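To start, the structure under review is shown below, and the notes come after it.
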Amino acid sequence: MKKIINPYLGKKGYHCFCCSPENPIGLHLEFWEDGNDILTQWHPNENFQGWVNTLHGGVIGMLMDEVAGWGINRKLQTTGVTTNLSVRGHIASQKRNIVIIHLTLENAKGEICDEGEATYFTFGPEKAREMGFDGCKVENEE
């Protein structure tokens, strides 16, 4: 595994929330190349939670987007920007409290760029109520 040297250090205006070491509220991520893979390590604190003691899924998406960008930097030796990050999901299967959600990432043309799965452990009704959940409706639903 080899540490990737940040090519943006010293560039005027470089204040990336994810990888700039100078951003006072940033994540200060560093990246490594391990064969074909690009990876980072980060240890969240309570300020990044979605639900109690749970990392927010949006932060997870941000981390994935950042690693993708560094993959472009290192593997293709160029740079770019995320032009669209659309994620759709539907329940693919459920076995008791374990639910598999199938996810797709689509570009602006609606073409599938990537697919994935998320596995959720779901709580029973009593635990959900204990955690403050009392239902989730859509507009005009009684």
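The values are calculated or read from the model by the stated rules, or taken from the named source; none is laboratory data. What you see is a predicted model, and the numbers here were worked out from it, not measured in a lab. Cβ: placed from backbone, ideal geometry, glycine included. Neighbour counts: every protein chain shown. In case anyone asks, the SASA skips ligands and DNA or RNA and just uses the protein heavy atoms, side chains included. Shrake-Rupley method; radii C 1.70, N 1.55, O 1.52, S 1.80 Å.
The heavy atoms of HIS15 offer some 100 square angstrom of accessible surface to a 1.4 angstrom probe.
Relative to the Cα centre, the charge distribution of the chain, modelled as +1 at Lys and Arg Cβ and -1 at Asp and Glu Cβ, gives a dipole magnitude of about 420 debye.
Please report, as a whole percent, how much of the solvent-accessible surface of the chain comes from carbon and sulfur atoms (probe radius 1.4 Å). Walk me through the intermediate numbers first.
Numbers: 5940 of 11200 Å².
C and S atoms contribute 53 percent here.
The label point for MET64 and the one for TRP42, both projected 7 Å from the Cα toward the Cβ, are 1.4 nm apart. Residues whose amide H falls under 5 Å from that of HIS56, counting only those 5 or more places apart or on a different chain, are GLN49, GLY50, with hydrogens built in the peptide plane. For every other residue with a beta carbon closer than 14 angstrom to the beta carbon of GLY58, add +1 if it is Lys or Arg and -1 if Asp or Glu, then tell me the sum. So the environment of GLY58 carries a net charge of -2. In this rough spin-label picture, where each label sits 7 Å from Cα along the Cβ direction, the GLU30-LYS127 distance is 3.8 nm.
Per residue, the chain exposes 79 Å² of accessible surface when a 1.4 Å probe is rolled over the protein heavy atoms with every protein chain present. Could you tell me the relative contact order of the chain? Use alpha-carbon pairs under 8 Å, at least six residues apart, and round to a whole percent. That works out to 11 percent.
Computed from Cα atoms, the angle from the helix 57-75 axis to the main principal axis of the chain rounds to 30 degrees.
Accessible area, 1.4 Å probe, largest first: how do ARG96, ARG74, ARG129 sort?
Details: ARG96 210, ARG74 95, ARG129 145 Å².
Sorted by accessible area, descending: ARG96, ARG129, ARG74.
Going through [x] 151; [y] 97; [z] 188, the figure that equals volume of the Cα convex hull per residue in Å³ as computed for the structure here is [z].
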